[in-house]
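*Asks:* Can you keep this structure in mind? I'll have questions shortly.
The values are calculated or read from the model by the stated rules, or taken from the named source; none is laboratory data. This structure is a prediction, so every number in the text was calculated from the model and none was measured. All Cβ positions, even for glycine, are placed from backbone atoms using ideal geometry, and neighbour counts span all protein chains on display. When the accessible area is computed, the model is the full protein with side chains, heavy atoms only, and any ligands, DNA or RNA have been set aside. Shrake-Rupley method; radii C 1.70, N 1.55, O 1.52, S 1.80 Å.
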Amino acid sequence: MHIVGIFCGSSEGCSPAYMDAARHVGKWLAEQEIRLVYGGGRVGLMGAVADSALAYGGHVTGVIPKSLLEREIAHTGLSELHVVDNMHQRKNVMAELSSGFIALPGGAGTAEEIFEQWTWAQLGIHDKPCAFLNVNHFYDPLRVMVQQMVSEGFMKQAYADMLLFSENLQDIIDYFKTYVPPVSKWTTQNGNHHV
């Protein structure tokens with residue numbers, strides 16, 4: 001697990017626990033010599049995780065769409081900054097560069113980004129793990145919703161089990177190191193159609 005993609009809010013949130021967690025993630029990844037790939041912003045949790053990783057000697061790659069670069073919210077002190085045409089390209093580049101994905105607290109964009117990576121993993125587009133750093137129990141309602149998808153027959157338990165919800169970053173990285181993806185959706189296994 002050499003490169004981790006981080007999705008997180010461009011806001012700070014209401015509790016100082018969120019910024020503290022973002023700073024801890026950046027510091028911890030740098031100390032473990034795990035490279036960070038993120039959305040390239042300098043504000044909110046995004047800026048905090050990048051600044052912290054850089055302060056502790058980490059390698060930080062940002063991926064930002066031109067439209068956000070032009071609004072001057074790009075981080076200018078990164079190890080690398082990839083400027084792409086749009087949000088779709090941002091997710092593609094982050095997916096290519098990362099070995100796994102962690103969502104810190106955030107809004108709709110954060111949820112959409114980690115859910116797309118989780119969906120791609122279900123479909124076998126990639127075999128990379130996804131996790132939620134559950135700061136302040138932020139993702140507890142989402143964990144319930146994911147289980148609701150299973151209990152109501154919209155998803156197999158194996159796909160819910162792909163996700164790890166944890167307050168502990170070490171637990172997430174340990175999970176990533178031993179992650180084995182389930183059989184991807186819509187594949188044929190032993191002549192049987194798997195959904």
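*Asks:* May I ask you to compute the full-extension gain from HIS88 to MET149, defined as 0.36 nm times their residue separation minus their alpha-carbon distance, rounded to one decimal in nm?
*Replies:* 19.4 nm
*Asks:* Given the alpha-carbon gyration tensor of the range 1-58, what are the semi-axes of its equivalent ellipsoid in whole angstrom, ordered largest first, with each equal to the square root of 5 times an eigenvalue?
*Replies:* 18, 11, 9
*Asks:* Among the GluC sites (Glu not before Pro) within the range 1-45, which fall in a DSSP loop and have no more than 11 other Cβ atoms within 10 Å of their own Cβ?
*Replies:* GLU33
*Asks:* While we're on this one: Please calculate how many Å² of accessible area the range 10-54 carries per residue, with a 1.4 Å probe and no DNA, RNA or ligand atoms counted.
*Replies:* About 43 Å² of surface per residue is accessible.
*Asks:* Round to a whole angstrom and tell me the spacing of the C-alpha centers of the range 7-81 and the range 88-154.
*Replies:* Value for the Cα centre distance between the two parts: 18 Å.
*Asks:* Please compute the modelled spin-label separation between HIS24 and ALA158, points set 7 Å along Cα→Cβ, answer in nm with one decimal.
*Replies:* Each label point is offset 7 Å from its Cα along the Cβ direction, giving 3.4 nm.
*Asks:* Among (i) 1.18; (ii) 1.51; (iii) 1.02, which is the computed Cα Rg over 2.2 N^0.38 Å?
*Replies:* Read-out from the structure maps to (iii).
*Asks:* Do any trypsin sites (Lys or Arg not before Pro) in the range 1-71 lie in a loop, going by DSSP, with at most 16 other beta-carbon atoms within 10 Å of their beta carbon, and if so which?
*Replies:* Here the sparse-neighbourhood loop sites are ARG71.
*Asks:* Loop only by DSSP, 11 or fewer other Cβ within 10 Å of the Cβ. Give me the chymotrypsin sites (Phe, Trp or Tyr not before Pro) in the range 133-181 that pass, ordered by residue number.
*Replies:* Counting only loop positions with at most 11 other Cβ atoms within 10 Å, the chymotrypsin sites (Phe, Trp or Tyr not before Pro) in the range 133-181 are PHE154.
*Asks:* May I have the count of lysine pairs in the range 59-195 with C-alpha atoms under 15 Å apart, counting pairs 8 or more residues apart or located on different chains?
*Replies:* Here the count comes out as 5.
*Asks:* Please give, to one decimal in nm, the separation of the simple spin-label points placed at GLN170 and GLN32, each 7 Å out from Cα toward the Cβ.
*Replies:* 1.0 nm
*Asks:* Going by amide H atoms built from the backbone, whose H comes under 5 Å of the H on SER79, apart from near neighbours?
*Replies:* When sequence neighbours closer than 5 places are left aside, the close amide H contacts are VAL60.
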